[in-house]
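Take a look at the structure below.
The values are calculated or read from the model by the stated rules, or taken from the named source; none is laboratory data. This is a predicted model, so every value here is computed, not measured. Neighbour counts run over all protein chains shown; Cβ positions are idealised from the backbone, glycine included.
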Amino acid sequence: GAVVSQHPSWVICKSGTSVKIECRSLDFQATTMFWYRQFPKQSLMLMATSNEGSKATYEQGVEKDKFLINHASLTLSTLTVTSAHPEDSSFYICSARISGGRIGQNIQYFGAGTRLSVL
Amino acid sequence: KNQVEQSPQSLIILEGKNCTLQCNYTVSPFSNLRWYKQDTGRGPVSLTIMTFSENTKSNGRYTATLDADTKQSSLHITASQLSDSASYICVVSRMDSSYKLIFGSGTRLLVRP
């Protein structure tokens, strides 16, 4: 089946540093990727929609200058948490939508997630 | 308002027993409904995906049903195993070009020996 690789799986950083998370579709092209944030015992919360070759679309309340998204190719999207603070500590998950298909078919595969801990 | 509601929030069962998880949705226009299994600290893994014309779909010991008229779905787990302990998330896709998924809050299942 289709595979989405997310790297790193776990990162610990000092407050004030920036952290980059990569999301790669290994065996399919993904025009659209999604970034989610998940707090303990809660479901996934959509942060932004990443479109190849264009600016990301952010959900209400998500700071675009804080969470930089780049989708430079059909197989790679990156999320950079800038000037990270302890409150940014969370589980970040990406998903990649297989390009093409009917509207609504919307086949997406999820990465394994990245656990970010900001000290 | 597009919503997906799941019940129960949590469930504890003994190994070998069966269980059924519920999902109600008010998403429109509806495209398809998926059930995902998410282990702690991992990304969601797809179990089943059903369009409005499909009433049931199985994946091993997992069987999902869909009633598009009442907008209800269930996930039945047969002969539970310890490895079934996880969160099960019901997710609905709308028939539009945003490709956003609408997530339920999940059911946390614990299978005890």
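Per-structure values
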| item | result |
| --- | --- |
| Residue match in segment B:91-112 (condition: away from chain A (no Cβ under 14 Å), surrounded by fewer than 21 Cβ atoms within 10 Å (Cβ to Cβ) and either assigned to a loop (DSSP other than H, G, I, E, B) or touching a Gly at 6+ places or on another chain (Cβ under 6 Å) (or both)) | no |
| Enumeration of residues in segment B:4-28 that are among the acidic types (Asp, Glu) and more than 12 Å from chain A (Cβ to nearest Cβ) | B:Glu15 |
| Flag for B:Lys1 being assigned to a loop (DSSP other than H, G, I, E, B), away from every other protein chain (no Cβ under 12 Å), out of contact with any Lys or Arg (no Cβ under 7 Å at 6 or more places or on another chain) and farther than 22 Å from B:Gln81 by Cβ | yes |
| Positions within segment A:50-83 being surrounded by 14 or more Cβ atoms within 10 Å (Cβ to Cβ), polar (S, T, N, Q) and part of a loop (DSSP other than H, G, I, E, B), in sequence order | A:Thr75, A:Thr82 |
| Residue within segment A:39-46 that is in contact with a strand residue (DSSP E or B) (Cβ under 9 Å, 6 or more places away or on another chain), within 14 Å of chain B (Cβ to nearest Cβ), of a type in the set (A, V, I, L, M) and not in a strand (DSSP E or B) present | yes |
| Residue in segment A:10-21 that is within 26 Å of B:Arg94 (Cα to Cα) and either in a strand (DSSP E or B) or among the acidic types (Asp, Glu) (or both) present | no |
| Flag if A:Ser83 is in contact (Cβ under 8 Å) with a residue 12 or more places away in the chain, on the phi > 0 side of the Ramachandran plot and out of contact with any Asp or Glu (no Cβ under 7 Å at 6 or more places or on another chain) | yes |
| Verdict on A:Ser50 being under 14 Å from the mean Cα position of the chain (by Cα) and closer than 23 Å to B:Met95 by Cα | yes |
| Single residue of A:Leu26, A:Leu44 found to be over 17 Å from B:Leu101 (Cβ atoms), among the aliphatic types (A, V, I, L, M) and modelled with pLDDT under 95 | A:Leu26 |
| Pick from segment A:22-47, criterion surrounded by fewer than 23 Cβ atoms within 10 Å (Cβ to Cβ) and of a type in the set (A, V, I, L, M), ranking: nearest to the chain's Cα centre (by Cα) | A:Leu46 |
| Among the residues listed as B:Ser87, B:Ser80, B:Ser31, B:Ser46, the single one being at the interface with chain A (Cβ under 10 Å from one of its Cβ atoms), in contact (Cβ under 8 Å) with a residue 60 or more places away in the chain, of a type in the set (S, T, N, Q) and crowded, with 17+ Cβ neighbours inside 10 Å | B:Ser31 |
| Residues of segment B:47-95 classified as aromatic (Phe, Trp, Tyr) and more than 23 Å from A:Lys41 (Cα to Cα), total | 1 |
| Test set (1) touching a Pro at 6+ places or on another chain (Cβ under 7 Å); (2) of a type outside the set (Asp, Glu); (3) at pLDDT below 95; (4) closer than 30 Å to A:Pro8 by Cα - B:Met95 fails condition number | (4) |
